[in-house]
1. All but one of (1) surrounded by fewer than 18 Cβ atoms within 10 Å (Cβ to Cβ); (2) over 30 Å from Thr341 (Cα atoms); (3) among the hydroxyl-bearing types (Ser, Thr, Tyr) hold for Ser104; which doesn't?
2. In the range 142-155, is there at least one residue being part of a helix (DSSP H, G or I), within 22 Å of Leu80 (Cβ to Cβ) and not acidic (Asp, Glu)?
3. What's the total number of residues in the range 93-137 that are touching a residue at least 60 places away in the same chain (Cβ under 8 Å), small (Gly, Ala, Ser) and under 18 Å from Arg166 (Cα atoms)?
4. Do we have His378 as at pLDDT 95 or above, under 23 Å from the mean Cα position of the chain (by Cα) and not hydrophobic (A, V, I, L, M, F, W, C) here?
5. Can you confirm whether the range 442-450 contains a residue that is in the same structural domain as Ile371 (by TED's automatic domain parsing), touching a His at 6+ places or on another chain (Cβ under 7 Å) and surrounded by fewer than 22 Cβ atoms within 10 Å (Cβ to Cβ)?
6. Is there any pair with a first residue in the range 434-453 that is closer than 14 Å to Asp96 by Cα and a second that is assigned to a loop (DSSP other than H, G, I, E, B) and not aromatic (Phe, Trp, Tyr) whose Cβ atoms are under 6 Å apart and which are 6 or more apart or on different chains, and what are they?
7. For the range 200-216, check the following and say yes or no: at least one residue is touching a helix residue (DSSP H, G or I) at 6+ places or on another chain (Cβ under 8 Å), in a loop (DSSP other than H, G, I, E, B) and of a type in the set (D, E, K, R).
8. Would you check if there is a residue in the range 172-182 being over 25 Å from Val110 (Cβ atoms), among the aromatic types (Phe, Trp, Tyr) and crowded, with 24+ Cβ neighbours inside 10 Å?
Amino acid sequence: MKNFNNNKLNTRYHKDIIWRLVVLVIIILVVTLSICSCNDFVEIDLPSSQLTSNGVFEEKTTANAAMTDIYSKIRDAGLLTGSATGLSHLLGNYADELDFYGSSQNAAVVFYNNSLIASNADVKRLWDTSYNQIYAANAVIEGVENSVNLPIADRKQLRGEALFVRSLIHFYLTNLFGDIPYITTTDYEKNSIAVRVPDSTIYNNIKDDLEEAIQLLPEDYFSTERVRPNKYTVYALLSRVNLYAGLWSEAAIEASEVINNTGLYVYEQDLDKVFLKESTSTIWQLAPGFSGGNTLESETFNFTIGPPPLSALSANFMAAFDPNDQREIHWTKAVSDGSTTWYHPFKYKSSNTGSSVEYSIVFRLGELYLIRAEARAHLGDLLGAKEDLNKIRNRAGLEDTTTLSQDEILDAILQERRLELFTEFGHRFFDLKRFNKVDEVLSMVKPGWDSHDVLFPIPETELKLNPNLQPQNQGY
């Protein structure tokens, strides 16, 4: 009888485990299909999928599966993917970081030529995938809010993460398209008539979401891999948002929140270790799509023979390095055919390694030092600004900056941001816009550059579906 009872219990246990695994697989598949099947947020019907089913958010396992699936979508498609269709590659070509060598049929060619039009399929794809990811984040927020059985700590964690994702995607969208809708619901009827609001309103909404997320998320990471955001990841984004908004004091304070947490973050001095998945300077990163995988950035940028199959670092960019700058040696790589030499980004060095060596880093400590340096310079704390700037320069093998005036220090910071953050999610393009130098710089090196190129066009299909998105951005 004892053995019979044990067998019975084991059978029930295994059935329970199998049931949970089946549900988890179904959730991931349904989330994938629901996101991929929606072309854009105005076409999303009232959802009946498992993503917005109450049952998903009654179980910790399935609730977490819904959230982590969003990160996989961010990694694989849209603005922050490391593939050739993401901002690291497209804005590298759009600005002055990369030269394009690929096929004339490749999506990047119109970005490189600065010849975007409102009917461009890749601009629409960036818009669509972004709002799909926002929709998914909103589904998590609503699901958690309506949950009965999910523990309070898990509700806070998931809501905080979803608010962070919603803020992050809206931040990039407004910097690309200008005035946009800020979507906070999965309600089809509301979303189908959403109106564009000024970027100042977008920034206020982002900050509200991030300030709530800070209160919800824990200081520690969900796991040692730093693939789920914690409180300090939110501080990092909020610091960047306030920098872009010109709120210097807030930006400096929030950057310091991260920098001063030496229990979690240690500034990595070895340039070859900065982009390893165990880097102590990583704030948030995206895990590969499969066990043993590495980054899409490595696949996109690295090449071994010339001419380059897709893109290479521009001669203009390579000429910006000081002869003693070790980033040129460690973060770029030369490829020659015997007569011509090209260079490609070499921050991510690994591809087929058998085990994962590198994850795609979205936020890292180096950016926070540069944010604080810029904020301090604007606040008149020139000594503090130079101290942060020298932190970046010294690791690169450069001596302390000799700049003296506020304008000189700000120009030096812009230069260091160029050489430190190249091909990382469009920093260079956004920096030129922020410093009001985009026309001055890009008109000199980009024959197709026009002033209206500072914003992408709103996809024309969206304007037809929702007249509230009118008017089109100037120049399109």
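1. Unmet for Ser104, out of (1) surrounded by fewer than 18 Cβ atoms within 10 Å (Cβ to Cβ); (2) over 30 Å from Thr341 (Cα atoms); (3) among the hydroxyl-bearing types (Ser, Thr, Tyr): (2).
2. First, pick out the residues of the range 142-155 that are part of a helix (DSSP H, G or I): 142-145, 152-155.
Then keep just the ones that are within 22 Å of Leu80 (Cβ to Cβ); that gives none.
Taking every residue of the range 142-155 in turn, none turns out to be part of a helix (DSSP H, G or I), within 22 Å of Leu80 (Cβ to Cβ) and not acidic (Asp, Glu).
3. Total satisfying the criteria: 2.
4. Working: at pLDDT 95 or above: yes; under 23 Å from the mean Cα position of the chain (by Cα): no; not hydrophobic (A, V, I, L, M, F, W, C): yes.
Spelling it out, it is not the case that His378 is at pLDDT 95 or above, under 23 Å from the mean Cα position of the chain (by Cα) and not hydrophobic (A, V, I, L, M, F, W, C).
5. If we filter the range 442-450 for residues that are in the same structural domain as Ile371 (by TED's automatic domain parsing), which is where we start, we get 442-450.
Add one more test, that the residue is touching a His at 6+ places or on another chain (Cβ under 7 Å), and what stays is none.
No: the range 442-450 contains no residue that is in the same structural domain as Ile371 (by TED's automatic domain parsing), touching a His at 6+ places or on another chain (Cβ under 7 Å) and surrounded by fewer than 22 Cβ atoms within 10 Å (Cβ to Cβ).
6. The qualifying pairs are Val445/Asp96; Lys446/Asn114; Gly448/Asn113; Gly448/Asn114; Gly448/Ser115; Trp449/Asn114; Asp453/Asn114.
7. Scanning the range 200-216, I find no residue that is touching a helix residue (DSSP H, G or I) at 6+ places or on another chain (Cβ under 8 Å), in a loop (DSSP other than H, G, I, E, B) and of a type in the set (D, E, K, R), so the answer is no.
8. Within the range 172-182 (the criterion being over 25 Å from Val110 (Cβ atoms), among the aromatic types (Phe, Trp, Tyr) and crowded, with 24+ Cβ neighbours inside 10 Å), the answer is no, since none of the residues qualifies.
The values are calculated or read from the model by the stated rules, or taken from the named source; none is laboratory data. Only a predicted model underlies this, so the values are computations on that prediction, with no experimental measurement involved. FYI the Cβ positions are ideal-geometry reconstructions off the backbone, even for glycines, and counts take in every protein chain you see.
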